[in-house]
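Asker: First, the structure itself, so that you have it in front of you.
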Amino acid sequence: MAWTRKHLLSIEELSAAEINLVLETAASFKEVSTREIKKVPALRGKTVATLFFEPSTRTRTSFELAAKRLSADVVGFSPSTSSLVKGETIIDTGENLEAMKVDCFVVRHASSGVPALLARKLKASIINAGDGNHEHPTQALLDLLTIQEHKKRFRGLKVAILGDLRHSRVARSNIWALTKLGAEVILCGPPPLIPPGLETTGARVTVRRETALKDADVIYILRIQLERQQENYFPSLREYSRYYQVNRETLSLARPDAIVMHPGPMNRGVEISTEAAEDRRSVILNQVENGIAARMAVLYLLLVGK
Amino acid sequence: MEKKIEVIGEAEIGKLINQLSESVSRTLNLENLAILGIRRRGVELALRLQKRLEKPGRKIPLGILDITLYRDDLSSVDVQPLVRGTSIPFDLTGRDILLVDDVLYTGRTIRAALTQLVDFGRPRSVKLLTLIDRDHRELPIQPDFTGRFVEAAAGEFIEVRLREVDGEDKVLLITRPDRAS
């Protein structure tokens, strides 16, 4: 199968075959980062611009390293130091950078749909690096790569995703990805953090942590954004951790070979205990490592070929 | 219509590989040798050579090169080639390297392989072995060991088929009149 997409805007639009092609390619790219000279010439002469309208260290660094290891030139662009504070629109900013012959924009924005808007207006390739509550496709791809490495399959796996399902683009991308590949997904969080209609995605929903964790193969813990408490989605952090934290005790409900995942940054003691984060079953740093290979694969597939 | 002619059969392929391994062991210092097969059929050939050259007490390291990311046409191809991965489980520096591929044609694959090699270390020497050599080189690259030269016009293709990948050992000459230019 050949990759024909110009943009990566969501996991929802991808077929299982396309997801598998990215995963195979990413698995081959892992070796590059283990070399002493961590660089291949595949994207020589291409220019990638990171456009992050929301703070991020991990994702941005990961994309920059991925592009550099493929020999692309990378320019970073942050709103606080840019003309956006002077009133320029996002599309104007994009068109200006495009006039400097940028081939690919990696876009993060607090509003859903901004990457798709730029994809319609610009000629360059657009990669969604997280838009509002919508999607974060490369996070899901690196998570899939990590699950595949440890579990060798998706079909029939029980994957529990716990936390703020209402505001999580990571959860949304992962639900699409995992259900497309045949995993059984069970979602869990306090009722105010479960948006209506979540059952229609093909995933099961529960408010009981024990139901979600029982016999799980994969435990995926979402970050609790601390500011949500002020917005009254749950009464207190202490109550949240009492009923929803994954810790040594609740971890024992899962299968003995279950893996523990978190997209970062973690709030230790809130959604995850320190013991769980540092458990031998934790693959959290593995996820970070796989982020580079997954993003290299996406850049390669989007920027090579017509 | 595409026309396929068998130019080398199974028995002869076996003979060619034996001859190649004999001339390698006559000319190269096997104690310092490492073999690198170029994906995909170069890897199978490399494995067959390794089997013939190894003896009890003499291991010959083998690595796999995927040259895709070093191709010189990545900015012009229509469809991105599949990346299958490189694996070199030993240090190249100071080694005598035998680079193995099925067919030497334009020389561009070997150019890419040489560029990739130096990203892994500094070999003492690199020699090239291909089962088939043919006309229409586009770069100044020649084999050090070759099984057989096969005449083929521009636009004709040579397909090496190997048991491990294709279920049979044979070499085909393929003519595609619609594509010949």
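Asker: Obtain the nm distance between the two label points defined at A:Gln230 and B:Phe149 by a simple spin-label model: each point lies 7 Å from its Cα along the Cα-to-C-beta direction.
Answerer: Calculated label separation equals 8.0 nm.
Asker: Relative contact order for chain A: what percent, with Cα pairs under 8 Å and sequence separation of 6 or more?
Answerer: On the way: 586 pairs, mean separation 63.5, N = 306.
Computed over chain A, the figure is 21 percent.
Asker: Which of the residue pairs A:Lys30/A:Lys180; B:Lys15/B:Lys51; A:Lys30/B:Lys127; A:Lys6/A:Lys306; A:Lys101/A:Lys306; A:Lys152/A:Lys180 have a Cα-Cα distance greater than 20 Å in the structure shown? Numbers along the way, then the final one.
Answerer: Working: A:Lys30/A:Lys180 24 Å; B:Lys15/B:Lys51 15 Å; A:Lys30/B:Lys127 28 Å; A:Lys6/A:Lys306 9 Å; A:Lys101/A:Lys306 17 Å; A:Lys152/A:Lys180 16 Å.
Exceeds cut-off: A:Lys30/A:Lys180; A:Lys30/B:Lys127.
Asker: Another one. Which shape class, rounded, prolate or oblate, goes with segment A:14-66 when its Cα gyration tensor gives a ≥ b ≥ c as root eigenvalues, a/c under 1.5 marks rounded, and past that a/b bigger than b/c marks prolate? Before the final figure, lay out each step's value.
Answerer: On the way: a/c = 1.68, a/b = 1.11, b/c = 1.52.
Oblate, because a/c is 1.5 or more while a/b does not exceed b/c.
Asker: Moving to a separate point now. Please work out the average accessible area per residue across segment A:137-283, using the 1.4 Å probe convention, and give it in Å². Numbers along the way, then the final one.
Answerer: On the way: 6210 Å² over 147 residues.
That works out to 42 Å² per residue.
Asker: Let me ask something additional. Could you check which residue among A:Ile126, A:Ile37, A:Ile186 shows the biggest mean-square fluctuation in a GNM of chain A with a 10 Å Cα cutoff?
Answerer: Checking each option, the largest mean-square fluctuation is seen for A:Ile37.
Asker: So if we plug the beta-carbon distance of A:Tyr243 and B:Val77 into 1/(1 + (r/R0)^6) with R0 = 60 Å, what FRET efficiency do we get, rounded to 0.05? Don't skip to the end; give the middle numbers.
Answerer: Numbers: r = 54 Å, r/R0 = 0.90.
The computed FRET efficiency comes out at 0.65.
Asker: A:Asn247: net charge of surrounding residues, Cβ under 11 Å, Lys/Arg +1, Asp/Glu -1, itself excluded? List each step's numbers first, then the result.
Answerer: Numbers: positive: A:Arg209, A:Arg242, A:Arg248, A:Arg268; negative: A:Glu249, A:Glu271, A:Glu275, A:Asp279.
Once all neighbours under 11 Å are counted, the net charge is 0.
Asker: Counting only DSSP beta bridges with both residues in the protein assembly as shown, tell me the antiparallel percent, nearest 5.
Answerer: Values: 14 of 70 bridges.
Taking every DSSP beta bridge within the protein assembly as shown, about 20 percent pair in antiparallel fashion.
Asker: Explain nothing, just compute: Karplus ³J(HN,Hα) = 6.51 cos²θ - 1.76 cosθ + 1.60, θ = phi - 60°, for every residue of segment B:143-152 in order, whole Hz, x for Gly and Pro.
Answerer: Once θ is set to phi - 60°, the couplings for segment B:143-152 become x, 8, 9, 8, x, 7, 8, 10, 6, 8 Hz.
Asker: Still on this structure, please answer the following. How large are Rg and Dmax for the protein assembly as shown when only the alpha carbon atoms are used, in Å?
Answerer: 26.4, 81
Asker: Separate question: Hey, can you list the residues from segment A:15-34 whose accessible area shrinks by 40 Å² or more with all protein chains present, relative to the chain by itself (probe 1.4 Å, no ligands or nucleic acids)?
Answerer: Residues meeting the cut-off: A:Ser28, A:Glu31.
Asker: Check which residues have an amide H placed less than 5 Å from A:Leu51's amide H, if you skip close sequence neighbours.
Answerer: Residues meeting the amide H criterion: A:Val106, A:Val107, A:Arg108.
Asker: With n ≥ 4 as the cut-off for DSSP H runs, can you work out [θ] at 222 nm for chain A, using -39500 (n - 2.57) per run divided by the number of residues, rounded to the nearest 500? Don't jump to the answer; show the numbers that get you there.
Answerer: Working: 11 runs with 112 residues, N = 306.
Calculated at 222 nm, the ellipticity per residue is -11000 deg cm²/dmol.
Asker: Among A:Ala183, A:Leu222, A:Ala277, which residue has its Cα furthest toward the positive end of the charge dipole of segment A:137-283, with +1 on Lys/Arg Cβ and -1 on Asp/Glu Cβ?
Answerer: Of the candidates, A:Ala183 comes out farthest on the positive side.
Asker: Using only alpha carbon pairs under 8 Å that are at least six residues apart, calculate the relative contact order of segment A:137-283 and give it in whole percent. Intermediate results must be reported in sequence, preceding the final value.
Answerer: Numbers: 265 pairs, mean separation 34.4, N = 147.
Over segment A:137-283, the number comes to 23 percent.
Asker: What is the interface area between chains A and B, defined as buried accessible area summed over both chains with a 1.4 Å probe, reported in Å² to the nearest 100?
Answerer: Working: alone 13640 and 9790 Å², together 21800 Å².
Adding both sides of the contact gives about 1600 Å².
Asker: Next question, about the same structure. Roughly speaking, to the nearest percent, how much of the protein assembly as shown's 1.4 Å accessible area is carbon and sulfur? Working shown, then result.
Answerer: On the way: 10660 of 21800 Å².
Summing carbon and sulfur atoms, their accessible area is 49 percent of the total for the protein assembly as shown.
Asker: Hey, what's the Kirkwood Rh for segment A:233-306 if you take every pair of different alpha carbons, in angstrom? Mind dumping the intermediate values first?
Answerer: On the way: mean 1/r = 0.0696 Å⁻¹.
It is 14.4 Å.
Asker: Mind giving me the FRET efficiency for A:Ser78 and A:Val207? R0 is 60 Å, r the Cβ-Cβ distance, nearest 0.05 is fine. Write down the numbers at each step before the final one.
Answerer: Working: r = 39 Å, r/R0 = 0.65.
Efficiency for this residue pair is about 0.95.
Asker: Could I ask something else about it? Computed on alpha carbon atoms, what radius of gyration and Dmax characterise segment B:1-123, expressed in Å?
Answerer: My reading of the Cα-based Rg and Dmax gives 15.9, 52 Å.
Asker: Specify, per residue and in Å³, the volume enclosed by the convex hull of the alpha carbon atoms belonging to segment A:131-193. Let's see the in-between values first.
Answerer: Values: hull volume 4.4 nm³, N = 63.
Output value, Cα hull per residue: 69 Å³.
Asker: Set the Förster distance to 22 Å, then compute FRET efficiency between B:Glu22 and B:Ser125 from the Cβ-Cβ distance, nearest 0.05. Mind showing how you got there, number by number?
Answerer: Details: r = 20 Å, r/R0 = 0.89.
Efficiency, rounded to the nearest 0.05: 0.65.
Asker: By its C-alpha gyration tensor, with a ≥ b ≥ c as the square roots of the eigenvalues, how is segment A:137-283 shaped: rounded for a/c under 1.5, else prolate for a/b larger than b/c, else oblate? Let's see the in-between values first.
Answerer: Working: a/c = 1.57, a/b = 1.21, b/c = 1.30.
Oblate, since a/c reaches 1.5 and b/c is not below a/b.
Asker: A follow-up question, please. Only bridges with both residues in segment A:137-283 count here: give the DSSP antiparallel percent, nearest 5.
Answerer: Values: 0 of 18 bridges.
Roughly 0 percent of the DSSP beta bridges within segment A:137-283 come out antiparallel.
Asker: Also, I was wondering about something else. Using a 10 Å cut-off on Cβ to Cβ distances, tally the other chain neighbours for every residue of B:82-90 and report the average as a whole number. All intermediate terms of the calculation are to be shown ahead of the outcome.
Answerer: Details: counts 7, 14, 4, 8, 5, 2, 2, 0, 0.
So the per-residue partner count for this stretch is 5.
The values are calculated or read from the model by the stated rules, or taken from the named source; none is laboratory data. Everything numeric here is computed off the predicted structure, so don't read it as measured data. Because the Cβ atoms are built from the backbone with ideal geometry, glycine has one as well, and the counts that use them run over all protein chains shown. Just so you know, the surface numbers come from the protein's heavy atoms only, side chains and all, with ligands and any DNA or RNA stripped out. Shrake-Rupley method; radii C 1.70, N 1.55, O 1.52, S 1.80 Å.
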